[in-house]
Amino acid sequence: MKRLLLLWFILSLSSCVHTPIRTLPDHINSISIPIFTNQTFQYGLEGVLTNMVIEEFIKDGRLKVVDRESADAKLNGTIISYERVPFSYDNKGNVDKYRVSISVRLELTDVPNNKLLWQEQYQEVVLYIPPTSSYQPKDFDLTSEQEAIHKTLSKIAYYIVSRTIKD
């Protein structure tokens, strides 16, 4: 009997672990995502990030991406900083790795109630190794600034959807 109770307890716990938790109000089933604002000198980040965020929401499927007039929630985003700086050097003083960091300011609004649901600033950082570097580890696939930017924006888009749906 004890074994049966223990098995039931373990199974009930494991089923709870995989159940997605929705923290948005129940009436929010759709979201509008206006093009992000870009306050940096790095041209084009806003369009790429906006498209990535929309794609992530579509892939996730829990909120329908719609126009502003039909939306239950509105996500506003601003790219507030872009930085590419040397991260490490070889023994001759040449750059071995660069660090790309992008920061965004985000806010999610409940449209029908005109209520701010959350607001925050988020930063993502990715390293890349330029082809001129003497440091070439295996399995490190980022070799250009553009690849690092794309990876950084992709991580930000994933974070935004996760933050919106799960937090």
For region 41-77 the number of residues that are touching a strand residue (DSSP E or B) at 6+ places or on another chain (Cβ under 8 Å), under 17 Å from SER154 (Cα atoms) and β-branched (Val, Ile, Thr) is 4
Expected output for region 131-156 (first residue closer than 25 Å to LYS92 by Cβ and assigned to a loop (DSSP other than H, G, I, E, B), partner modelled with pLDDT of 70 or more and of a type in the set (Ser, Thr, Tyr), Cβ below 6 Å, 6+ apart or cross-chain) is PRO131/THR143; LEU142/TYR128
- Message: Based on this model, can you work out whether GLN121 counts as under 14 Å from the mean Cα position of the chain (by Cα), polar (S, T, N, Q) and surrounded by fewer than 18 Cβ atoms within 10 Å (Cβ to Cβ)?
- Response: yes
Among (1) among the charged types (D, E, K, R); (2) under 21 Å from GLU56 (Cβ atoms); (3) in a strand (DSSP E or B), ARG84 falls short only on (2)
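The values are calculated or read from the model by the stated rules, or taken from the named source; none is laboratory data. Since the model is a prediction, treat every value here as computed from it, not as a measurement. So basically every Cβ, Gly included, is an ideal-geometry build from the backbone, and we count neighbours across all protein chains shown.
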